[in-house]
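Let me begin by presenting the structure, written as C-alpha cells, before commenting on it.
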Amino acid sequence: MTGDVAVETLHTMGCAGWRVARDRVPAAARREGISLTLTETVVSSLEGAPRRRFPGSPTVLVEGADVPGQGQARGGPCRRLSLR
C-alpha cells in the first residue's frame, strides 16, 4: 500500500476504552509495517453520531470504514450508544 492509511478514533469522554484504542492502533500499524495518519475525534452529542458513523465509543474508522469485530470492550460497557 502506498501512502498513509487514514485512521480515525471516535470516542466519548465517558468511555475510558478510547485510550486503549489510541494506544493499540499505532502499535498494530507499526507491527504490520503500515504507515498511518491517526486522528482523534470526541463525539459530544448524540445528534452528531449518525453523521459521524459513530455506533459507540470507541470506534475506529480505517479509510472511513468501521473496523469489523470491535464489539463491546471486554469488561466494560463501552461502544453502546442509544439513539432514542
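Is it the case that some residue within region 9-22 is polar (S, T, N, Q), out of contact with any Leu (no Cβ under 6 Å at 6 or more places or on another chain) and touching a residue at least 40 places away in the same chain (Cβ under 8 Å)? If you could, list the steps in order and put the result at the bottom.
Initial filter on region 9-22 (polar (S, T, N, Q)): 9, 12.
Checking which are out of contact with any Leu (no Cβ under 6 Å at 6 or more places or on another chain) leaves us with 9, 12.
Among the residues that remain, those that are also touching a residue at least 40 places away in the same chain (Cβ under 8 Å) are: 9, 12.
Taking every residue of region 9-22 in turn, at least one turns out to be polar (S, T, N, Q), out of contact with any Leu (no Cβ under 6 Å at 6 or more places or on another chain) and touching a residue at least 40 places away in the same chain (Cβ under 8 Å).
In region 4-19, the residue that is surrounded by the fewest Cβ atoms within 10 Å (Cβ to Cβ) out of those that are more than 15 Å from L61 (Cα to Cα) and among the hydrophobic types (A, V, I, L, M, F, W, C) is M13. Checking each residue of region 26-41 against the condition of being modelled with pLDDT under 85, not in a loop (DSSP other than H, G, I, E, B) and not aliphatic (A, V, I, L, M) gives no match.
Residue count for region 57-84 satisfying the condition of being in a loop (DSSP other than H, G, I, E, B), at pLDDT 75 or above and surrounded by 12 or more Cβ atoms within 10 Å (Cβ to Cβ): 3.
Number of residues in region 1-20 that are of a type in the set (S, T, N, Q), under 25 Å from G33 (Cβ atoms) and either outside any strand (DSSP E or B) or out of contact with any helix residue (DSSP H, G or I) (no Cβ under 6 Å at 6 or more places or on another chain) (or both) equals 1.
Has region 47-56 got at least one residue that is at pLDDT 85 or above and of a type outside the set (K, R)? So far as region 47-56 goes, no, none of its residues is at pLDDT 85 or above and of a type outside the set (K, R).
The values are calculated or read from the model by the stated rules, or taken from the named source; none is laboratory data. As the structure is a computational prediction, the values presented were derived from the model and not from experiment. Neighbour counts are summed over all protein chains in view; Cβ atoms, including those assigned to glycine, are modelled from backbone coordinates with ideal geometry.
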